[in-house]
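One structure is given below, encoded as structure tokens.
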Amino acid sequence: MMAAPELIEVQGDLRRGEPMSRHTSWRVGGPADNYFIPAGLEDLQAFLEQLDDEVPVFWFGIGSNLLVREGGLRGVVIAATKILRKLEQGDGFTVCAGAGLPCTQLAKQCIRWGLGPSEFFAGIPGTVGGALAMNAGAHGGETWDRVESVRTIDRSGEIHVRAPGEYNVGYRSVTGPGNEWFLEATFQFDPQATASMETMNRMLERRKATQPLGLPSCGSVFRNPDGDYAARLIESAGLNGFSLGGAEVSDKHANVIINRGDATAGDIERLIEHVQKTVREAHGVQLKHEVRIVGEDAK
């Protein structure tokens, strides 16, 4: 039997009962039993090697697309974004980016290097790892359109190099080898494309103008259905500004749910379900949420 988390020696920071509300962009969420911030890749590998196979592991980025229920998360939450910030230009038109790197930073540096199309990464409000996990996209570009290879780490701490063909990639959906998490990706850009800082800035200004960036949210909550937009369906169902508890459908962008300051995870989840029910009744469309909902209900 491997050691329980509290018996494992680490160089990094291992916290007990860490409130996830401190780490999610919605500013809600119950405690993680164990919250581990590794000091480096070797520290992370050593931790995973010692961890009991029965202990649940949850890989955490920056919480920009995550709703954690009030009962919190069992097992271990691994927050490795601080050590996965690699950003290097490779041969030709390739770039290696760590899973903890903000997508906006990737976009800006690729533009400085003259590599495109890369501007769309600036419209993804999260990290490279999160973008890989869900095939995030913005302004007509999708993450896996540019992936040449990825490096992952499994539960035993072993590192793998994998090709895109080992994953089933769809719209806001990625499935691949189980119990592995992204460490970095090598992206291939188009030698015929031109990269423009001006184009990226226009994208960022558009996002600023159309989304409530000053309030806790997770960006777009629902996937766009085929041939339509979730925001249009929600708005036409009369839900702009509708609230439950401290959670509210933004009147600036209907596909965004904001925390007015006192929302609970339960408020947000109930509002997500209410939006789905109302849109289904009004339009006959079942909206699917792209935000991940995890954890246990409050007892």
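Going through Gly92, Gly71, Gly98 one at a time, which residue ends up being in contact with an Asp or Glu (Cβ under 6 Å, 6 or more places away or on another chain) and surrounded by fewer than 21 Cβ atoms within 10 Å (Cβ to Cβ)? Show your work before the answer.
Details: Gly92 fails: in contact with an Asp or Glu (Cβ under 6 Å, 6 or more places away or on another chain); Gly98 fails: surrounded by fewer than 21 Cβ atoms within 10 Å (Cβ to Cβ).
Step by step, each of Gly92, Gly71, Gly98 is checked, and only Gly71 is in contact with an Asp or Glu (Cβ under 6 Å, 6 or more places away or on another chain) and surrounded by fewer than 21 Cβ atoms within 10 Å (Cβ to Cβ).
Looking at (1) acidic (Asp, Glu); (2) under 21 Å from Gly170 (Cβ atoms); (3) in a helix (DSSP H, G or I), find the lone condition where Asp228 falls short.
With (1) acidic (Asp, Glu); (2) under 21 Å from Gly170 (Cβ atoms); (3) in a helix (DSSP H, G or I) applied to Asp228, the lone miss is (3).
For segment 279-291, which positions are more than 16 Å from Val256 (Cβ to Cβ) and either assigned to a helix (DSSP H, G or I) or not assigned by TED's automatic domain parsing to the domain that holds His253 (or both)?
Passing the criteria: Arg280, Glu281, Ala282, His283.
Just give me the residues in segment 162-177 being more than 18 Å from the chain's Cα centre (by Cα), without any contact (Cβ under 8 Å) to a residue 24 or more places away in the chain and assigned to a loop (DSSP other than H, G, I, E, B), in sequence order.
Ala163
Kindly indicate which of Lys252, Lys299, Lys277 is surrounded by 14 or more Cβ atoms within 10 Å (Cβ to Cβ) and among the charged types (D, E, K, R). It would help to see each step written out before you state the result.
On the way: Lys299 fails: surrounded by 14 or more Cβ atoms within 10 Å (Cβ to Cβ); Lys277 fails: surrounded by 14 or more Cβ atoms within 10 Å (Cβ to Cβ).
After ruling out the rest, the residue left standing is Lys252.
What's the number of the only condition in (1) at pLDDT 90 or above; (2) in the same structural domain as Ile272 (by TED's automatic domain parsing) that Gly176 fails to meet?
Against the list (1) at pLDDT 90 or above; (2) in the same structural domain as Ile272 (by TED's automatic domain parsing), Gly176 comes up short only on (2).
Out of all the residues in segment 52-66, is one or more out of contact with any strand residue (DSSP E or B) (no Cβ under 8 Å at 6 or more places or on another chain), crowded, with 20+ Cβ neighbours inside 10 Å and closer than 17 Å to Leu183 by Cα?
Yes, that holds for at least one residue.
Look through segment 109-133, keep the residues that are under 19 Å from the mean Cα position of the chain (by Cα) and surrounded by fewer than 24 Cβ atoms within 10 Å (Cβ to Cβ), and return whichever of them is farthest from His289 (Cα to Cα). Explain how you work it out, then say what you get.
To start, the set of residues in segment 109-133 that are under 19 Å from the mean Cα position of the chain (by Cα) comprises 118-133.
Next, only the ones that are surrounded by fewer than 24 Cβ atoms within 10 Å (Cβ to Cβ) stay: 120, 123, 125-126, 133.
Details: Phe120: 21, Gly123: 19, Pro125: 16, Gly126: 17, Ala133: 15 Å.
So, considering only residues that are under 19 Å from the mean Cα position of the chain (by Cα) and surrounded by fewer than 24 Cβ atoms within 10 Å (Cβ to Cβ), the one farthest from His289 (Cα to Cα) is Phe120.
Residue-wise test of (1) touching a helix residue (DSSP H, G or I) at 6+ places or on another chain (Cβ under 7 Å); (2) part of a strand (DSSP E or B); (3) surrounded by 13 or more Cβ atoms within 10 Å (Cβ to Cβ).
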position: Thr194; (1), (2), (3): no, no, no
position: Leu204; (1), (2), (3): yes, no, yes
position: Arg232; (1), (2), (3): no, no, yes
position: Glu235; (1), (2), (3): no, no, yes
position: Asn240; (1), (2), (3): no, no, yes
position: Gly261; (1), (2), (3): no, no, no
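The values are calculated or read from the model by the stated rules, or taken from the named source; none is laboratory data. Model, not experiment: these values are computed from the prediction. Note that each Cβ is placed from the backbone with ideal geometry, even for glycine, and that neighbours are counted across all protein chains shown.
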